[in-house]
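S.K.: Have a look at this one.
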Amino acid sequence: MVQPAITGSGVFTPADVISNEELVEAFNAYAERFNAAHAEAIAEGEVEAKGLSSPEFIHNASGIERRHVMDKSGVLDPEVMHPLLRQRSDDEPGIMAEMALDACGKALAQTGREGAEIDLIICAASNHERPYPAIAIEIQELLGAGGFAFDMNVACSSATFGIQAAADMIRAGSARRALVVNPEICSGHLEWRDRDCHFIFGDVCTAVVIEAAEEAQGAHFLIHSTRCATKFSNNIRNNNGFLRRTRPDGVADRRDMQFMQEGRKVFKEVLPMVSAHILGHLEGDGVKADDLRRLWLHQANKTMNDFIGRKVMGRVPEAGEQPNILQDYANTSSAGSIIAFSKYSDDLVPGDKGLICSFGAGYSVGSVLVERA
């Protein structure tokens, strides 16, 4: 059977950066305007006043210091509080495809391959800018790739689920060389007017090339095994969708049309699930925690990652064993663990093992056990 390997990775990082200080200034201006406009109702107890945010609150709650976004002007405007992205004609590349071209180009350059050598593209992301035609097929066209392409969505676990699907197809012979690409415009579904979550997300795009190890043209990572799991939960949810206009208040400015979560419940329920998943994956492959050179975890929250790292390793991870990038990127949904992998894998030597893991809404969790070759 063919041995699949990750032979290249790439990251597209938007130019716009929002610091915690900038974000707080904009949010607090919005909150003060809201409280002034609803002063009477707030005094009567009919409306809850908006609390103010602070850089210290954000950093203590998440470990995030800044985030990259596709547009900061709208996010930082107290009268808008969401990104402003130009409407494109149907004859122009979509914004997700444009992001993907950059990340895919970098991943292909690392492998010494051209787009025409790809015969499978999976666009795996938590939100897609349209239902059809598939973003993946648009990327396929722009890259000059052959074969077939499709979109998939498993929220924050999309990248690892996509890697499993691509690796399985390469093993089975239904594809020879794949790109798994994760264009995440999280700023578009974040509720920037909510103090409890306005700081969480950022935008980015990642891509990995997967092909048979015997065809790799340079250093690569053998994919020894993958493992995915899901369990239904409403604790992370977004009710937006194409049926919105069919409902009486479907076009109203409703809170549930954006990202929502019950943070404490997520923390309590997801961490044991993820830790047990990783430990079960390692045990199933006969790998001990001490055999791992690196953990590339989903980048949602520093406290969550620290907890998982300790649980898996059975100790506090040493410097470099569990790299975090969310202080600079924030939570980028499915792309987070791949950013960490792309930026913190070159120093590994042949024989070093590592594990990529993502987790989130669903609940879902996916892990990929790799070895440097």
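S.K.: Considering only residues that are open to solvent by less than 60 Å² (accessible area, probe 1.4 Å), farther than 26 Å from Tyr363 by Cβ and of a type in the set (A, V, I, L, M, F, W, C), which ones fall in region 126-161?
M.R.: Of everything in region 126-161, those that are open to solvent by less than 60 Å² (accessible area, probe 1.4 Å), farther than 26 Å from Tyr363 by Cβ and of a type in the set (A, V, I, L, M, F, W, C) turn out to be Ile139, Leu143, Ala145, Ala149.
S.K.: Whether any residue in region 65-77 is more than 24 Å from the chain's Cα centre (by Cα), open to solvent by 50 Å² or more (accessible area, probe 1.4 Å) and more than 15 Å from Leu326 (Cβ to Cβ) is what I want to check.
M.R.: Yes, region 65-77 has at least one match.
S.K.: Looking at (1) closer than 23 Å to Phe12 by Cα; (2) open to solvent by less than 20 Å² (accessible area, probe 1.4 Å), which is the only condition Met313 fails?
M.R.: Among (1) closer than 23 Å to Phe12 by Cα; (2) open to solvent by less than 20 Å² (accessible area, probe 1.4 Å), Met313 violates only (1).
S.K.: Could you tell me how many of the residues in region 260-279 are open to solvent by 20 Å² or more (accessible area, probe 1.4 Å) and either out of contact with any strand residue (DSSP E or B) (no Cβ under 7 Å at 6 or more places or on another chain) or of a type in the set (Asp, Glu) (or both)?
M.R.: Summing the residues that are open to solvent by 20 Å² or more (accessible area, probe 1.4 Å) and either out of contact with any strand residue (DSSP E or B) (no Cβ under 7 Å at 6 or more places or on another chain) or of a type in the set (Asp, Glu) (or both) in region 260-279 gives 10.
S.K.: Go over the candidates Arg113, Arg130 one by one and state the one that is within 30 Å of Ala26 (Cα to Cα), basic (Lys, Arg) and touching a residue at least 12 places away in the same chain (Cβ under 8 Å).
M.R.: Working: Arg113 fails: within 30 Å of Ala26 (Cα to Cα).
Result: Arg130 is the single residue among Arg113, Arg130 that is within 30 Å of Ala26 (Cα to Cα), basic (Lys, Arg) and touching a residue at least 12 places away in the same chain (Cβ under 8 Å).
Every residue, every condition in (1) without any contact (Cβ under 8 Å) to a residue 12 or more places away in the chain; (2) in contact with a Phe, Trp or Tyr (Cβ under 6 Å, 6 or more places away or on another chain); (3) on the phi > 0 side of the Ramachandran plot, yes or no:
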position: Met81; (1), (2), (3): no, yes, yes
position: Pro93; (1), (2), (3): no, no, no
position: Cys104; (1), (2), (3): no, no, no
position: Gly147; (1), (2), (3): no, no, yes
position: Ala155; (1), (2), (3): no, no, yes
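S.K.: Please determine whether any residue of region 299-308 is polar (S, T, N, Q), buried (at least 17 other Cβ atoms within 10 Å of the Cβ), in a loop (DSSP other than H, G, I, E, B) and touching a Ser or Thr at 6+ places or on another chain (Cβ under 6 Å).
M.R.: yes
S.K.: A follow-up question, please. Of all the helices (runs of 4 or more DSSP H) wholly in region 1-73, which have at least 2 residues that are within 26 Å of Met304 (Cα to Cα) and in contact with a helix residue (DSSP H, G or I) (Cβ under 9 Å, 6 or more places away or on another chain)?
M.R.: Output list reads 20-37, 55-62.
S.K.: Related question: Identify, from the list Ser334, Ser342, the residue that is among the hydroxyl-bearing types (Ser, Thr, Tyr) and either more than 24 Å from Gly162 (Cα to Cα) or open to solvent by less than 20 Å² (accessible area, probe 1.4 Å) (or both).
M.R.: Ser334
S.K.: Here's something else I'd like to know. Of the residues Ile200, Ile210, only one is in contact with a Phe, Trp or Tyr (Cβ under 9 Å, 6 or more places away or on another chain), of a type in the set (A, V, I, L, M) and modelled with pLDDT of 95 or more; which?
M.R.: Ile200
S.K.: Follow-up. Would you check which residues across region 246-259 are open to solvent by 50 Å² or more (accessible area, probe 1.4 Å) and among the hydrophobic types (A, V, I, L, M, F, W, C) and list them?
M.R.: Val251
S.K.: Please find, within region 257-284, the residue that is farthest from Arg315 (Cα to Cα) out of those that are in contact with a Leu (Cβ under 9 Å, 6 or more places away or on another chain) and assigned to a helix (DSSP H, G or I).
M.R.: That would be His281.
S.K.: Identify, by number, the condition in (1) touching a Lys or Arg at 6+ places or on another chain (Cβ under 7 Å); (2) modelled with pLDDT under 95 that Asn240 doesn't meet.
M.R.: (1)
S.K.: Could you check Gly284 against (1) open to solvent by less than 50 Å² (accessible area, probe 1.4 Å); (2) within 21 Å of Leu355 (Cα to Cα); (3) among the small types (Gly, Ala, Ser) and say which number it fails?
M.R.: Tallying (1) open to solvent by less than 50 Å² (accessible area, probe 1.4 Å); (2) within 21 Å of Leu355 (Cα to Cα); (3) among the small types (Gly, Ala, Ser), Gly284 fails exactly one: (1).
The values are calculated or read from the model by the stated rules, or taken from the named source; none is laboratory data. Model, not experiment: these values are computed from the prediction. Virtual Cβ from ideal backbone geometry, glycine too; neighbours counted across all protein chains shown. Protein only, heavy atoms only, side chains kept; ligands, DNA and RNA dropped before computing areas. Shrake-Rupley method; radii C 1.70, N 1.55, O 1.52, S 1.80 Å.
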